[in-house]
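Just so it is clear, none of the values below were taken in a lab; they were calculated from the coordinates. A quick note: this is a predicted structure, and the numbers were derived from the prediction, not measured. Counting neighbours? That spans all protein chains shown, and the Cβs are built from the backbone with ideal geometry, glycine included.
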Amino acid sequence: MIRTTFALVAALALAAPALADDNASLSLGSPAPLSDVKMKSVDGKEYTLASTAGKKGTLVVFTCNTCPWAQAWQTRVAAIGNEAVRRGFGVVAINANDPAVNAGDDFAAMVARAKKLGLKFPYLVDASSDVARAFGATRTPEAYLFDAQGKLVYHGTVDDNGRDAGAVKEHWLQDAVFAVAAGHAVPTAETKAMGCSIKFRVKS
């Protein structure tokens with residue numbers, strides 16, 4: 001019953017349109033856009049993508065609190081992100097969803113989620129959704145990995161099984177992080193992002 005409910009909710013979430021014009025997704029080799037935009041983190045501080053960049057590179061994951069896909073992958077995203085920090089990457093999770101659409105995506109819920117997951121990296125609010133728009137991100141979760149030169153080397157989903165961590169055969173994001181950390185080429189540079197549509201804030 002739980003699996004059936006999850007599948008139904010996830011299917012509806014995937015079918016829901018994003019509440020903004022879809023921009024072209026960032027191309028491989030591109031730098032991170034809007035890297036100087038300040039975003040508030042769950043620790044109360046403000047960060048930019050430039051300020052969080054690591055010696056090995058930077059991992060950016062667009063996510064949220066309420067999407068069933070984001071929830072299904074959240075412990076894996078936390079583990080990959082925390083390990084990436086240990087390996088010298090800057091890591092940020094970004095919530096671009098409008099809490100007016102779903103109150104569960106508000107800042108207080110973000111604070112609680114970060115604490116529950118034990119995140120060792122900032123969980124940021126994209127208060128205008130403009131950072132997500134600039135990336136061309138449309139899903140939660142959706143990952144972007146940049147190398148030490150600031151070039152995009154991986155974009156897409158976390159792995160090949162959102163429902164069952166024990167059944168994963170392709171660890172795309174983890175493999176990309178490990179490859180870049182070791183100075184190797186990313187084995188699979190791009191995959192299709194799977195998840196709920198980002199509920200963009202309406203432009204004023």
(message) If R₀ is 35 angstrom, what is the calculated FRET efficiency for the pair Gln149 and Lys115, using the beta carbon separation as r and rounding to 0.05?
(response) 0.55
(request) Mind giving me the FRET efficiency for Lys203 and Ala103? R0 is 25 Å, r the Cβ-Cβ distance, nearest 0.05 is fine. (result) 0.75
(message) Quick check for me: using +1 on Lys/Arg Cβ and -1 on Asp/Glu Cβ, what's the dipole size of the chain about its Cα centre, in debye to the nearest 20?
(response) 440
(message) Restricting to Cα pairs below 8 Å that are 6+ residues apart, what does the relative contact order work out to for region 49-173? Please round to a whole percent.
(response) 32
(message) Filter the chain for me: DSSP H helices, axial length by Cα at least 18 angstrom, mean Kyte-Doolittle hydropathy not below 1.0. List them by residue number.
(response) 2-15
(message) Can you list, by residue number, the Cys in the chain that have no neighbouring cysteine C-beta under 4.7 Å?
(response) Cys64
(request) Normalise the Cα radius of gyration of region 2-197 by 2.2 N^0.38 Å (N = residues in it) and let me know the number. (result) 0.94
(request) Please give every one of the aspartates and glutamates within straight-line cross-link reach of Lys116, meaning a C-alpha to C-alpha distance under 14 Å, and leave out same-chain neighbours fewer than 8 residues apart. (result) Asp43
(message) Taking the alpha-carbon distance from Lys55 and a cut-off under 12 Å, which aspartates and glutamates remain once sequence neighbours fewer than 8 residues away in the same chain are dropped?
(response) Asp147
(request) Provide the per-residue ³J(HN,Hα) series for region 131-136, in order, calculated from phi with Karplus coefficients 6.51, -1.76, 1.60 and θ = phi - 60°, each as a whole number of Hz, with x at glycine and proline positions. (result) 5, 4, 4, 5, 6, x
(message) Please list, ordered by chain and number, the residues whose modelled amide H lies under 5 Å from the amide H of Val91; skip anything fewer than 5 residues away on the same chain.
(response) Leu59
(request) Please list, or write none, the lysines whose alpha carbon is within less than 28 Å of the alpha carbon of Lys203, excluding same-chain residues fewer than 8 places away. (result) Lys38, Lys40, Lys45, Lys192
(request) On each of the three principal axes of the Cα atoms of region 89-197, give max minus min coordinate, whole Å, ordered largest first. (result) 42, 34, 25
